[in-house]
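The values are calculated or read from the model by the stated rules, or taken from the named source; none is laboratory data. On a predicted model such as this, the values are computed, not experimentally measured, just so you know. No Cβ is skipped: glycine too gets one built from the backbone with ideal geometry, and neighbour counts run over all protein chains shown.
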Amino acid sequence: MQSTTLILILLVLMAVAFQLGRRRAYNLPGLGCICDLNSLPIYHGLYTAIWCGIPALILLGIWSSIQTPIVINLLMNDLPAAITAGLTPAELSLVLNDIRNLAYGNITSGEISPELMAAADRYNQLQQIGLAAQSIVVISLTLITTSFGWRFISPELRARNKVESVLRWLLLISSTIAILCTLGIIFAVLFESVRFFEMIPLTDFLFGLQWSPQIAIRADQVGSSGAFGAIPLFAGTLLISFIAMLVAVPVGLMAAIYLSEYASQRLRTYAKPLLEILAGIPTVVYGFFAALVVAPMIRDSAAQFGVDASSESALAAGLVMGIMLIPFISSLSDDVINAVPQALRDASLALGATHSETIRQVVIPAALPGIVGGVLLAASRAIGETMIVVMAAGLSANLTVNPLDSVTTVTVQIVTLLVGDQEFDSPKTLAAFALGLLLFLVTLVLNVVALRVVRKYREVYE
Amino acid sequence: MADRSTTTLDKVNASLARRYAKERRFRRMGLVAIATGLLFVLLLFTSIISNGYSAFWQTHVKLDITFNAEQLGIGDARDFEALSSADYAALVRASLKEIFPEVRERKERRKLYKMISTGAPLLLREMLINDPSLVGSHHAIWLPADDDIDMLVKGQIDRTLPESARRLNDQVVGWVDRLTENGVVAQLFNTTFFTAGDSREPELAGIGGAITGSFYALLVTLLLAFPIGVATAIYLEEFAPKNRWTDLIEININNLAAVPSIVFGLLGLALFINIAGLPRSAPLVGGLVLTLMTLPTIIIASRAALKSVPPSIREAAIGIGASKMQTVFHHVLPQALPGMLTGTIIGMAQALGETAPLLMIGMVAFVVDIPGGPLDPSTALPVQIFLWADSPERAFVERTSAAIMVLLAFLISMNLLAVLLRKKFERRW
């Protein structure tokens, strides 16, 4: 890890520059008193350190990102004609991969010819030269820029303002990372999806009723249809999410009503955190619980009634997902119920309504938008939930509404398509990205609507 | 007049019983809901703990081992080379033969030898390499038993089942009972479970590698997410002009917090692995993905913490001539830091439990070695749980539950720390 060492060296140099700048501010020739300086000496130190570090870090970043492409370019130009003769670009990139694997000491795909060996040596050599040059250039740059900064220090230098404006820029840049992340998601997923839709028409994907992503190795292979219809996946996702909401909404909502309207202070202080434990448990634990405890339980009790239940039933996954969502719904509803002004309750009680009538006819209608928003957020959670369904739901894409059958979901398919070997030119791998794009869009719409609804409601009583 | 008022009152009175009953029913429904929720908590914890607690002990068998140079096949050589390639399994076999001299048939013998873990010879090897002078000496050594034997001793294999339905036949059960009678079978604390990496053999598998992987990933996450998150919060809360751009950032952050975690995994796969060319299965990439996931949590918590610092503090600082930047960094930030730390710890706890995005970037590999740095291939603790949950051996069910217990212990202590921090530094203005 050469660049790590280089960054550490840079940090040390920055500390040195800080000291130098501060000393210089104290010992400026002709300085009678510290109060003659425009800024405190610490800002002169920071000023010098910024001069020392920032240009070098920028250079380091750019250099690191362009070195390998340049080396590869040089290498490809030098490759003996014996290797490259008559190769397509794809085969050429395979050769290049072999060379790089050879250079890193990994396993290569084909035989190692002396030409390849020489190329690998050359690759290593070029990289070495590049890294050495990088260190030298970066460190000399720090020395030059530091001396600049050092020279600029004078009593009149507005060091504080300059340091603060740099800091402000840094803060601004950090805040754009969130935006970049969203853009990254959209572009990464969109890019691969577009490649997928070049192979499989969009309508086949959106409205197809058959999902079997295997691609035939031989033309006459059985079950090699390679059908990419997403409807069964979405039906499965919706079935499981629906079961989950069927568990979570009544339990979560009633728990929130009881806790905020009826419960004594003591019950509230104990029951609320205990329920919220459920929110902190990792989903992989729920998945294990579903597969180990709930699914066999459902299968056995179904057998008692003489019904045939799959051991990967949608019911098991949905039930456990519902448990996971209980605290989510209850804490969100709790917030909105508490936000309903006491005056509404008092008015209703004064008219002779019982407590439950007040809740049902006054408090809940007043809190409804917030509750709906919370339920929508929970639904988006349920749709995007992965581990529970990966561990407890099945893999076969059945189009069914029977909760005792095995169904598969969008997230399960993304995981199965991407875990293991990936080839980024087969629709099988790219399908995962198309599914991811759909998932992202669906949850995004749900979230935006939910946040809108919640926010709109909040404004009413504030 | 009087008549009519009594009839209204009568109506009300007549309906009262029904209404009160309704009221009671409603209350009971609320209680039932809470009880259901708590019941689920209880069920979850009891099923995990009852399945997992026994994994912290491992059945060992005390065998008399003679470090016979002839059996080891090393002759007079005592150098590292010879010792590391010697036949240690032969020692175990010899010792077992001594206890059960009547077992002669090859097939039965093989069953007999299988009672001791395949990790036992490695243990002996390590002993001898550390101290070559042991050759020729005689020791009683506790060696780990095979996972099936372990399960039998722990009572997880039902002896009443017909022989054909059991993993161990009557003969092996008889051997184990004889060993138990001899007093050479004991359950010792399972240190392997905490120190070892993954293994196909349950008795040799451990969460050491997974914990190390999780540690590196979380370290990367903390180093990146905390500074970036706090800086973003400071910018949005203290400096940003209120315009469409900041609105956009804000909506973005709220939405990012609700994007399914698996989509972050797709991002990591496409961006960090395909485009940036970082190694697959590396905690560094895992940490980067988790950073993006925890950023919204940290930003939202940090903003709330900054908001709770009263404006009077800022006004006082500005009033005596501090610049905006000095006000924020010298006065506001120190007051808001406990709240930010609390949010960060909660974000870290979420990141520790996250599995799905790590599957996407290849942290699901079968990794035996304990990773030595953030670029080595590794798994993470929740991914290890996922991997073991798929294994058919009964002993892995036990170990999965135990790993979950360790994970939950980490999570609960992190959350407790956050609660304590909040209690200690919470300040009402």
(message) Take the residues in segment A:300-315 that are out of contact with any Lys or Arg (no Cβ under 8 Å at 6 or more places or on another chain) and buried (at least 22 other Cβ atoms within 10 Å of the Cβ); name whichever of them is nearest to the other protein chains (Cβ to nearest Cβ).
(response) A:312
(request) Kindly indicate whether residue A:204 is in a loop (DSSP other than H, G, I, E, B) and either at pLDDT below 85 or of a type outside the set (Val, Ile, Thr) (or both). (result) no
(request) Look through B:364, B:368, B:309 and report the one residue that is part of a loop (DSSP other than H, G, I, E, B), under 22 Å from residue A:283 (Cα atoms) and β-branched (Val, Ile, Thr). (result) B:364
(message) Checking the condition under 16 Å from the mean Cα position of the chain (by Cα) and either of a type outside the set (Phe, Trp, Tyr) or more than 9 Å from every other protein chain (Cβ to nearest Cβ) (or both), which residue from B:343, B:339, B:353, B:373 passes?
(response) B:353
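Here is a yes/no grid of residues against (1) facing chain A (nearest Cβ under 10 Å); (2) in a loop (DSSP other than H, G, I, E, B); (3) closer than 27 Å to residue B:422 by Cα; (4) of a type in the set (Gly, Ala, Ser):
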position: B:255; (1), (2), (3), (4): yes, no, yes, no
position: B:258; (1), (2), (3), (4): yes, yes, yes, yes
position: B:264; (1), (2), (3), (4): yes, no, no, no
position: B:267; (1), (2), (3), (4): yes, no, no, no
position: B:290; (1), (2), (3), (4): no, no, yes, no
position: B:293; (1), (2), (3), (4): yes, no, yes, no
position: B:298; (1), (2), (3), (4): no, no, yes, no
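For (1) part of a helix (DSSP H, G or I); (2) touching a Phe, Trp or Tyr at 6+ places or on another chain (Cβ under 8 Å), each residue gets a yes or a no:
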site	(1), (2)
A:303	yes, no
A:311	no, no
A:332	yes, no
A:356	yes, yes
A:359	yes, yes
(message) Which of the numbered conditions does residue A:385 fail, given that it passes all the others? Conditions: (1) within 37 Å of the chain's Cα centre (by Cα); (2) over 30 Å from residue B:354 (Cβ atoms).
(response) (2)
(message) Name the residue that is nearest to residue A:192 (Cα to Cα), counting only residues in segment B:233-253 that are touching a residue at least 24 places away in the same chain (Cβ under 8 Å) and at the interface with chain A (Cβ under 7 Å from one of its Cβ atoms).
(response) B:253
(message) Return the residues of segment A:11-27 that are buried (at least 18 other Cβ atoms within 10 Å of the Cβ) and either touching a residue at least 40 places away in the same chain (Cβ under 8 Å) or closer than 27 Å to residue A:131 by Cβ (or both); say none if nothing qualifies.
(response) A:13, A:14, A:17, A:20, A:21, A:24, A:25
(request) Collect the residues in segment B:81-96 that are more than 26 Å from residue B:106 (Cβ to Cβ) and either in a loop (DSSP other than H, G, I, E, B) or within 37 Å of the chain's Cα centre (by Cα) (or both), keeping them in residue-number order. (result) B:83, B:84
(message) Which residue is surrounded by the most Cβ atoms within 10 Å (Cβ to Cβ), if the candidates are limited to segment A:263-286 and must be at the interface with chain B (Cβ under 7 Å from one of its Cβ atoms), out of contact with any Phe, Trp or Tyr (no Cβ under 6 Å at 6 or more places or on another chain) and part of a helix (DSSP H, G or I)?
(response) A:285
(message) more than 14 Å from chain B (Cβ to nearest Cβ) and either in contact (Cβ under 8 Å) with a residue 40 or more places away in the chain or on the phi > 0 side of the Ramachandran plot (or both): is that true of residue A:244 in this structure?
(response) no
(request) Just one of (1) touching a Gly at 6+ places or on another chain (Cβ under 9 Å); (2) of a type outside the set (Phe, Trp, Tyr); (3) under 15 Å from residue B:296 (Cβ atoms) trips up residue B:250, so point out which. (result) (1)
(request) Pull up segment A:225-262, narrow it to residues that are outside any helix (DSSP H, G or I) and among the hydrophobic types (A, V, I, L, M, F, W, C), then point me to the one that is nearest to residue A:360 (Cα to Cα). (result) A:230
(message) Residues to consider are A:135, A:147, A:165, A:140; find the one that is within 12 Å of chain B (Cβ to nearest Cβ) and either among the aliphatic types (A, V, I, L, M) or in a helix (DSSP H, G or I) (or both).
(response) A:165
(request) Can you confirm whether segment A:14-34 contains a residue that is in the same structural domain as residue A:117 (by TED's automatic domain parsing), modelled with pLDDT of 90 or more, aromatic (Phe, Trp, Tyr) and touching a helix residue (DSSP H, G or I) at 6+ places or on another chain (Cβ under 8 Å)? (result) yes
(request) Output the qualifying pairs, or none if there are none: Cβ atoms under 6 angstrom, residues six or more apart or on different chains, first residue in segment B:154-168 and in contact (Cβ under 8 Å) with a residue 24 or more places away in the chain, second residue surrounded by 10 or more Cβ atoms within 10 Å (Cβ to Cβ) and hydroxyl-bearing (Ser, Thr, Tyr). (result) B:154/B:54
